[in-house]
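Nothing in this text is a laboratory measurement; each read-out follows from the coordinates by a stated rule. Fair warning: this is a prediction, and the values are worked out from it, not measured in the lab. Because the Cβ atoms are built from the backbone with ideal geometry, glycine has one as well, and the counts that use them run over all protein chains shown.
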Amino acid sequence: MKKFLSILITLFILAFFFGCSPKKESTNQFIAMDTYMELKAYGHHSKKAIDLATDEINRLDLLLSTGNSESEISRLNSLGYGYVSDDTSYIIEEALLLGSDTNGALNIAIYPLMELWGFTTHNYSVPSKSSINNILPLTRLDNIIFAKETNTIILKNGATLDLGAIAKGYTSDRVIDIFRKEGINSAIISLGQNVQALGRKPNGKLWTVGIKNPDTNDKRLGNKDIIGTLSVEDKAVISSGDYERFFIEDGKKYHHILNPSTGYPANMGLTSVTVVSKIGILADGLSTALFVMGKDDALEYWRNHKKDFDAIFIEKDGKITITEGIVDCFSSELEYEVGH
Ligand code: ADP
Ligand code: MG
């Protein structure tokens, strides 16, 4: 009997250490970067990993927020030049590369236009055409003189920066890095419409990410909150749309993703773009840029960068198009086309 008991205890201990015990779940929900965030991680060190990740998000918020006059980016904007941290420097470097790669559709010098439209203060109003034309030269990307070797930046001609299109993607990459370092191999985080998955669910199945319905009043998109789901592992799934932040004036909707070449809200027939990629900063930057480009140019861009990302486009006429790399992991009750 004694022998039987000691075998049983040994088996229990072995089962515990070799992962047969349910994995410990740790979560946190909070507001940062003006966004509702949820972090969920599994594993013995998940509590510590979640705490470290929360600290990291708050640290990056303090660096990157234009809404905080003490942030590094606000100081840079008010001085017009300066030395920045490695984080800010890396984000600016990536944003400028993506900016030139997308013909300026992603433009981190957009801040003066965001101010003009009132998106920075919530004091919205449609500007006059002449005031937009006066501001447009400030938003030229060649106003940004960036020396990556020394992390120094000069903003010419009164230019100011806004990293809002890309900062949360960078942040989710950093969170996943922290999780990995803490030995976590199963986690999912959502920083608003930015979702990033690490590994698979603790039960070995893929993570399911819902794709938000940009217009529940549009019968063609069904009346559910989501238009479909993606099953993923080790991927960022990041959406940009005209439904996130907008105001209505004289019955017309004006949203927060601006076309840098016109100075007006991007109006290329899309209501939502979702980008799926292993890299969060790329997915975030591209979700904004492809939204500005419109579906045809976006599909052309994807054809030249197929190995880096896939995408889901939803158009104003209710049409849904997905790129061929996610055919096997997308599921929807609605009709959709596959772009090749
Ligand atoms: P969200 O902020 O809702 O996650 P996005 O990632 O698409 O959505 O970023 C939109 C934000 O990016 C805007 O609020 C603004 O700060 C900034 N922005 C707007 N238009 C552009 C643009 N063409 N290029 C770069 N940044 C932009
Ligand atoms: Mg974005």
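Structure data summary
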{"quantity": "Among 184-192, 37-45, the order from most to least packed when residues are scored by Cβ within 10 Å on average", "calculated": "184-192, 37-45"}
{"quantity": "Fully extended contour minus Cα-Cα distance, from Lys129 to Thr262, at 0.36 nm per residue", "calculated": "46.9 nm"}
{"quantity": "Cα-centred dipole magnitude for segment 213-264, charges only on beta-carbon of K, R (+1) and D, E (-1), debye, nearest 20", "calculated": "140"}
{"quantity": "Sequence of Ser74, Ser46 once ranked by neighbouring C-beta atoms within 10 Å, starting from the fewest", "calculated": "Ser74, Ser46"}
{"quantity": "Karplus-derived HN-Hα couplings along segment 183-200 (A = 6.51, B = -1.76, C = 1.60, θ = phi - 60°), whole Hz, x at Gly and Pro", "calculated": "x, 7, 10, 8, 6, 9, 10, 10, 9, x, 7, 9, 10, 9, 10, 10, x, 10"}
{"quantity": "Projected-area mean, segment 77-214, by convex hull of Cα positions, square nanometres", "calculated": "11.3"}
{"quantity": "Using a Förster distance of 45 Å, the FRET efficiency for Glu249-Asn203 (Cβ separation, nearest 0.05)", "calculated": "0.35"}
{"quantity": "Surrounding net charge for Ala53, when Lys and Arg each add one and Asp and Glu each subtract one, Cβ distance under 13 Å", "calculated": "-1"}
{"quantity": "Taking only Cα atoms of segment 248-293, radius of gyration then Dmax in Å", "calculated": "12.2, 42"}
{"quantity": "Mean separation of Cα contacts under 8 Å (6+ apart) over length of the chain, as relative contact order %", "calculated": "15"}
{"quantity": "Descending Cα extents along the principal axes, the chain, whole Å", "calculated": "91, 49, 36"}
